[in-house]
Amino acid sequence: MSPWGARGRTGRGLLALGALAVLLGSCAVALGVGSVDVPVARVLAVVARRAGAGDLDVTLLEDQLVWQLRLPRVLGAVAVGAVLAACGAVLQSLTRNDLADPFLLGVSSGAGVGAVSVIVLGVGVGGLAAGAVLPAAAFAGALAALAAVLLVASAGGGALRPHRTVLAGVAVAHLCGAYTSVVVIMHGQGDAARRVLAWTLGSLAGLRWGSALVLLAAAVVALVWFLAYAERLDAFAFGETSARSLGVPVTATRWVLMVGTALVTATTVAYAGAIGFVGLVVPHLVRPLVGSRHRVLLPASAVAGAVLLVWADTAARSLVEGQEVPIGALTALIGVPVLVWLMARRVAA
Amino acid sequence: MIRRPVLRPTLPAALLAAVVSTSGLLSGCTGAPAAESAPHTSAEPPVTVTSCGHEVTVAEPPTDVVTLNQGATEVVLALGLADQLAGTAYLDDAVPGKWRAAYDAVPVLSAEYPTNEQLLAARPDFVYASYASAFEPAVAGTQEDLAAAGVGAYLSPFGCPEAEDRPGASFEAVWDEVADVATALGHPEAAERLRDQQGEQLADLRSAAAGEGLDVLWWDGGTKSPNVGAGDGGPQLVLDAVGATNVFADLPGSWAEGSWEDVLSADPDVIVLVDAAWDPAADKRAYLESDPVLQGLTAVREQRYAVVPFSASTAGVRLVDGAAALAAQLDELGLDG
Amino acid sequence: MSHRTHCVHRGGHGDLPELTAAGVTVRLGDRTVLDSVDLRAAGGRVTGLLGPNGSGKTTLLHVLAGLRRPDAGEVQVGGADLRSLPDRRRARTLALVEQHAATTVDLTVREVVTLGRLPHRGRLGGAARDTRGAEVVEDVLAMVGLAPLAERPWGTLSGGERQRAHLGRTLAQEPEVLLLDEPTNHLDLGQQLRFLSLVRELGLTAVAALHDLELAAAYCDDVVVLDAGRVRGAGPVDAALTARLLAEVYGVEASLAPHPRLARPHLVWDGPRGEGTA
C-alpha cells in the first residue's frame with residue numbers, strides 16, 4: 001500500500017471539505033452581524049442579487065451594508081488570517097523555532113514607522129491620509145525594515161542563519177519602536193496617540209473592496225508560492241545539514257521564503273495593522289490534527305487562520321455595543337492560553 | 001469633557017496611568033460639587049473655591065495667573081481679566097479673533113506644556129488648567145504642592161481625574177466653572193456678565209431653532225469607524241441649542257465610537273465636520289467624498305456639511321459660539337426639516 | 001520485487017563508485033581542522049573513519065557529503081568532481097546519517113523516510129514524477145525493520161528506532177555512497193550491533209565515523225585514522241590498526257587479535273599507555 005493510502009486520502013478530502021464548509025458558514029454568520037440588524041434572509045438576498053439572481057427587492061441600504069461594508073471586511077479577514085497563519089507555519093519550520101511568527105523580520109514595527117509618520121507627522125497628502133497614503137507608507141516602512149534586517153542578518157556570508165536573523169529582527173524592531181514612541185510623544189497632537197495605538201493593535205474595520213481584493217490576491221499568491229516549497233520545508237525538520245544533504249539549496253530557499261513571507265505579511269499589515277498571535281498559534285493548533293507535512297499543513301493553517309480571524313473580527317465588532325474591541329486584543333486572548341498550554345506540554349514532554 | 005485629558009498624547013501613557021492611579025490619593029475629600037461654591041457675590045478675600053475635591057483658598061486676588069490649555073486661557077480672556085495673566089501655554093488651535101489682541105499681550109510660556117522651571121520663572125501666584133495632565137510633577141506639580149508653595153491651583157471640573165468630581169456637560173456647568181475662576185480672581189461680577197450674555201445668545205439660538213427637524217451626524221474623526229458626538233457632551237449641547245437631532249444621541253458619553261453601518265442606516269441630513277489642527281475638516285470631507293460607500297450618503301451627495309472648530313465643541317466658554325456657527329451654516333444650507 | 005535492485009545495492013560491489021578525497025584542508029579561523037587529508041573509500045566496502053574526539057571526523061564527513069566546501073583539495077565520487085554535481089543529483093548519489101539530528105516536528109516514521117524521496121521529485125515538489133517513491137519507502141521501512149512502526153510519531157520512538165528511521169531516510173534517497181557520523185552513539189550494545197550489521201548488509205560504499213575501535217574492527221573493511229586533522233594511518237583494518245598507531249593516537253596499550261570464535265579480528269587492550277612506554 002502506498003504511504004498515502006486510499007483511506008488517508010479520503011479522510012483528508014473530507015477534512016478539507018469540512019474545513020471549507022466551516023469557513024463558508026463562518027463568513028455567512030459574519031455577514032449577518034453588524035450594528036444594524038439585517039436578517040439572514042436579506043443577507044442572502046443581497047448576495048444572490050449581486051450574483052445575478054434578479055432584483056429580489058434589495059434596498060440600497062441593505063446592499064451598502066452587506067455587500068459594500070461587511071463583505072469586503074469578511075473577505076479581508078479571510079485573507080489576512082490565511083496569510084498570517086501560513087506565514088507562521090513557513091517561518092516556524094524554516095527557523096526551527098516554535099515561537100517564530102510572521103512579524104519575525106521586523107515588518108510590523110517597520111510598518112509602524114510608516115504609519116506613525118503619516119498619522120502623527122502628516123507626511124503625505126492631507127485628506128488622502130487615511131485612504132491610500134497610510135497603507136502605502138506602512139508598506140514602505142515594512143520593506144525598509146525588512147531590508148535592514150536582511151542586511152544585518154546576512155552581513156558576512158549571506159547564509160541568513162535563523163538565530164542571527166531573529167536577532168536582527170529584534171534589533172530593528174526595537175529601533176523602529178523607539179522612533180514610533182519618540183514621534184508620538186514629541187509630536188503627537190489631538191488623538192494621535194489613540195490612533196497610533198489603534199493602528200498598532202490592528203483592525204479590519206474600514207476595509208473596502210479595493211483593499212480586500214489586494215489582500216485576497218496576496219493570500220492566493222502566498223499560498224501557491226509557499227505550497228511550491230512544501231516538500232523543501234519538510235526537509236528542514238531535522239535542521240540545515242539534513243536539508244542540504246537532501247539536496248535542498250538551503251540558503252536560496254531561506255531567502256525566497258523569508259522575503260516572500262515578509263512581503264505578504266507587510267501587505268496585510270499595511271491594510272489591517274499587525275494582528276498578533278494568529279501566525280504564532282494557528283500552526284501549533286493545526287499540526288496535531290493534520291500532521292507536520294507542509295503540503296497539508298499550509299492549506300490547513302490558512303483555512304484555520306481565516307476562520308479564526310473571521311470569528312475574532314465578528315467578536316471585535318459585536319462584543320461591545322457601539323465600540324470596536326481591538327482585534328489584536330482578541331487574538332491575544334485566544335493565543336496566550338494556547339501558548340501557555342504549548343509551553344506546559346513542551347515542559348512535560 | 002472626559003475624553004481629551006485621557007487622550008492627551010503628548011505625555012507618555014505610563015505617566016498618564018500614574019496620574020490616574022495616584023489621583024486616588026487626592027480623592028479623600030470629595031467635597032461639595034463645584035457648583036455650590038460658585039454663586040458668590042462678595043469677593044472679600046480670602047475666598048475659597050473647590051476644584052476636584054481640593055479647597056483652593058486665595059488670600060489676595062492673584063495678579064500673576066498662568067493658564068495651561070486653551071480652554072482655561074479662553075475662560076480668563078472671556079472674563080476680560082487678561083491683565084491678571086502672567087503667561088499662557090498650550091493652544092490646541094487658535095484663539096478666536098475677538099480675544100486675539102488681549103491674548104497677544106500676554107507672554108506665551110511654551111507651545112505645549114511648559115517645564116516646571118519655565119513655569120516657576122513666570123512667578124505665578126495662581127495656576128489654572130483644563131486637564132489633569134497639567135498638574136503632573138513634570139509640568140506644574142500637584143495641586144497640593146502648589147498650594148503648599150502658596151500658589152492657587154484650579155483644575156477645570158471637566159478635567160477632574162475622578163469621575164465623581166466631573167459634572168455632566170451643560171451650559172450651567174460651564175458657567176459654574178467660569179464663576180469659580182472669576183471669584184478666585186477677585187471679579188465675580190465678570191462671571192455674572194458673561195453668563196447673562198451667553199444665556200441671552202443661547203435663548204435666541206433656541207428660539208430660532210435652525211436645526212429643527214434635521215438629523216445630524218457629528219463626526220469628530222476616525223475613518224475605520226467614526227468617532228462621533230454622543231448623547232452627553234459638548235456636541236449634544238450644541239445640537240440641542242440649534243434644535244437639531246443627533247443621530248448618535250443614544251450613545252453614552254461626550255464622544256463615542258459609532259459605526260458607519262449606523263451612519264448609512266440613519267442617512268443624516270447634515271454632517272458636522274469637526275475642524276482640528278491635527279485633523280482638518282477639509283480632510284474629513286475629502287475622505288467622505290472619496291469613499292466608495294460613504295459617497296452614497298445623502299448629505300455627501302448634496303454637500304450638506306457644517307464645520308465647527310474642535311475648541312468650540314468642548315464644554316467651555318466657546319460652546320455658545322460653536323452653536324452660533326452651526327446655526328449660521330444650517331441657515332445657509334437652507335434646508336427645511 | 002523487481003525494483004529492489006534499484007533501491008538498495010546488495011552485494012554487487014563492482015558497479016558502486018569509490019569515493020576519494022585528495023589534499024582536503026579546512027580551516028576555521030586560524031585553526032586547521034583538516035590538514036591535507038587524503039582518503040579512499042573503495043566501492044561497496046565499509047570504510048571506518050576513526051580518531052579521538054575532535055580529530056576532524058565530522059568535518060571530513062561533511063566535506064565528503066558535499067555540504068562543506070574545503071579550503072583546499074577536492075572530493076571525487078566515481079571519478080567525478082563532487083562540486084560539479086547539482087544539489088539534487090548529489091543527494092541521489094551520497095546520503096548522510098547525521099550524528100545529532102533531532103527535531104521538535106512531530107513527523108511519523110513514514111514521513112521521515114519519505115523525506116528521502118525529495119531529490120527524486122520534481123523541482124517544485126511534484127510527487128507525480130516520483131512514481132516509484134511509495135514503493136521505495138515501503139521497502140526501506142521493511143529493510144530497517146520499522147514497517148510496523150510506520151505511523152508512529154517521532155516523539156514516541158526510542159533512540160535505536162530513531163537512528164534506524166534516519167538510516168531509512170538516507171536509504172530512500174537511493175544513494176550509492178552512504179556516510180554515517182557516529183551512527184551508534186546513544187544506542188545500547190544490541191542496537192549498535194544490529195545497526196552496523198544492517199549497514200554492512202546494504203553493500204553500499206560506506207564511510208562511517210566511529211569512535212569505538214572494537215566496532216570498527218568488527219564491521220569495517222578498511223579504516224582511515226585521523227588525529228588532529230591529519231591522517232595517521234589507512235588501509236585494511238588488520239594492517240592499519242597497529243599497536244603503535246593505537247598507542248600514539250589513542251594512548252592505549254592495545255592490539256588486534258584473532259577473534260576466538262569468528263573469522264575476524266577483535267581488539268584486545270591492556271590498559272592506558274604506561275608512562276615512559278611511548
**Request:** Can you run down the residue pairs with Cβ atoms below 6 Å, 6 or more apart or on separate chains, where the first is in the range A:19-45 and without any contact (Cβ under 8 Å) to a residue 60 or more places away in the chain and closer than 20 Å to A:L309 by Cα and the partner is of a type in the set (D, E, K, R) and in a helix (DSSP H, G or I)?
**Result:** A:L31/A:R70
**Message:** Exactly one condition in (1) surrounded by fewer than 18 Cβ atoms within 10 Å (Cβ to Cβ); (2) among the small types (G, A, S); (3) part of a helix (DSSP H, G or I) is false for A:A19; which is it?
**Reply:** (1)
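Just to be sure, is A:L65 buried (at least 24 other Cβ atoms within 10 Å of the Cβ), without any contact (Cβ under 8 Å) to a residue 60 or more places away in the chain and either assigned to a helix (DSSP H, G or I) or not aliphatic (A, V, I, L, M) (or both)?
On the way: buried (at least 24 other Cβ atoms within 10 Å of the Cβ): yes; without any contact (Cβ under 8 Å) to a residue 60 or more places away in the chain: yes; either assigned to a helix (DSSP H, G or I) or not aliphatic (A, V, I, L, M) (or both): yes.
Yes: the conditions hold for A:L65.
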**Filtered residues of the range B:281-303 (kept if facing chain A (nearest Cβ under 7 Å) and assigned to a helix (DSSP H, G or I))** = B:A282, B:D283, B:A286, B:Y287, B:S290, B:G296
**Request:** Answer yes if at least one residue in the range B:287-304 is under 26 Å from the mean Cα position of the chain (by Cα) and of a type outside the set (K, R), and no otherwise.
**Result:** no
**Message:** Go through (1) facing another protein chain (nearest Cβ under 10 Å); (2) assigned to a helix (DSSP H, G or I); (3) under 20 Å from the mean Cα position of the chain (by Cα) for B:D220 and report which single condition fails.
**Reply:** (2)
**Message:** For the range C:166-278, give me every one of the strands (runs of 3 or more DSSP E) that falls completely inside it and has 2 or more residues that are modelled with pLDDT of 90 or more and assigned by TED's automatic domain parsing to the domain that holds C:V46.
**Reply:** C:177-181, C:205-209, C:222-227, C:230-236
**Complete:** Scanning the range C:155-165 residue by residue, those in contact (Cβ under 8 Å) with a residue 40 or more places away in the chain and part of a helix (DSSP H, G or I) turn out to be C:G155, C:E161, C:Q163, C:A165
**Request:** Mind listing just one residue for me: the one in the range A:22-45 that is touching a Ser or Thr at 6+ places or on another chain (Cβ under 9 Å) and in a helix (DSSP H, G or I) and, of those, farthest from A:E321 (Cα to Cα)?
**Result:** A:R42
**Residue satisfying all of: in the range A:228-267; closer than 10 Å to A:L94 by Cα and of a type in the set (D, E, K, R); farthest from the other protein chains (Cβ to nearest Cβ) among these** = A:R254
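Conditions (1) surrounded by fewer than 18 Cβ atoms within 10 Å (Cβ to Cβ); (2) modelled with pLDDT under 95, marked per residue:
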| site | (1), (2) |
| --- | --- |
| B:T88 | no, no |
| B:D93 | yes, yes |
| B:A132 | no, yes |
| B:G141 | no, yes |
**Request:** Mind counting the residues in the range B:292-316 that are surrounded by fewer than 24 Cβ atoms within 10 Å (Cβ to Cβ) and among the β-branched types (V, I, T)?
**Result:** 4
**Complete:** Picking from C:G23, C:G43, the residue that is in a strand (DSSP E or B) and either crowded, with 18+ Cβ neighbours inside 10 Å or away from chain A (no Cβ under 14 Å) (or both) would be C:G23
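Matching residues to (1) farther than 24 Å from C:L256 by Cβ; (2) touching a helix residue (DSSP H, G or I) at 6+ places or on another chain (Cβ under 9 Å):
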{"site": "C:G160", "(1), (2)": "yes, yes"}
{"site": "C:E176", "(1), (2)": "yes, yes"}
{"site": "C:S197", "(1), (2)": "no, yes"}
{"site": "C:L204", "(1), (2)": "yes, yes"}
{"site": "C:Y219", "(1), (2)": "no, yes"}
{"site": "C:D227", "(1), (2)": "no, yes"}
{"site": "C:V231", "(1), (2)": "no, no"}
**Prompt:** Looking at the range B:143-162, which of its residues are outside any loop (DSSP other than H, G, I, E, B) and touching a residue at least 24 places away in the same chain (Cβ under 8 Å)?
**Reply:** B:Q143, B:E144, B:A147, B:G152, B:A153, B:Y154, B:L155, B:P157, B:F158, B:G159
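Take the residues of the range A:326-349 that are at pLDDT below 80 and touching a helix residue (DSSP H, G or I) at 6+ places or on another chain (Cβ under 6 Å): which is nearest to the other protein chains (Cβ to nearest Cβ)?
Filtering the range A:326-349 down to residues at pLDDT below 80 leaves A:338-339, A:342-343, A:345-349.
Among the residues that remain, those that are also touching a helix residue (DSSP H, G or I) at 6+ places or on another chain (Cβ under 6 Å) are: A:338, A:342.
On the way: A:V338: 17, A:L342: 11 Å.
So the residue we want is A:L342.
Residues checked against (1) crowded, with 21+ Cβ neighbours inside 10 Å; (2) closer than 27 Å to C:T93 by Cβ; (3) not basic (K, R):
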position: A:A168; (1), (2), (3): yes, no, yes
position: A:H174; (1), (2), (3): no, no, yes
position: A:V182; (1), (2), (3): no, no, yes
position: A:R195; (1), (2), (3): yes, no, no
position: A:F226; (1), (2), (3): yes, no, yes
position: A:R232; (1), (2), (3): yes, yes, no
position: A:W255; (1), (2), (3): no, yes, yes
**Asked** Only one of these conditions is not met by B:W278: (1) more than 9 Å from chain A (Cβ to nearest Cβ); (2) surrounded by 19 or more Cβ atoms within 10 Å (Cβ to Cβ). Which number is it?
**Response** (1)
**Prompt:** Just checking, how many residues over the range A:82-105 are away from every other protein chain (no Cβ under 14 Å) and aliphatic (A, V, I, L, M)?
**Reply:** 7
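Let me confirm something: among B:D262, B:D232, B:D275, B:D250, which residue is more than 30 Å from B:V76 (Cα to Cα), modelled with pLDDT under 95, outside any helix (DSSP H, G or I) and not assigned by TED's automatic domain parsing to the domain that holds B:A111?
Only one candidate passes the filter, namely B:D250.
The values are calculated or read from the model by the stated rules, or taken from the named source; none is laboratory data. Since the structure is predicted, the reported quantities are computational estimates derived from the model, not experimental observations. Counting neighbours? That spans all protein chains shown, and the Cβs are built from the backbone with ideal geometry, glycine included.
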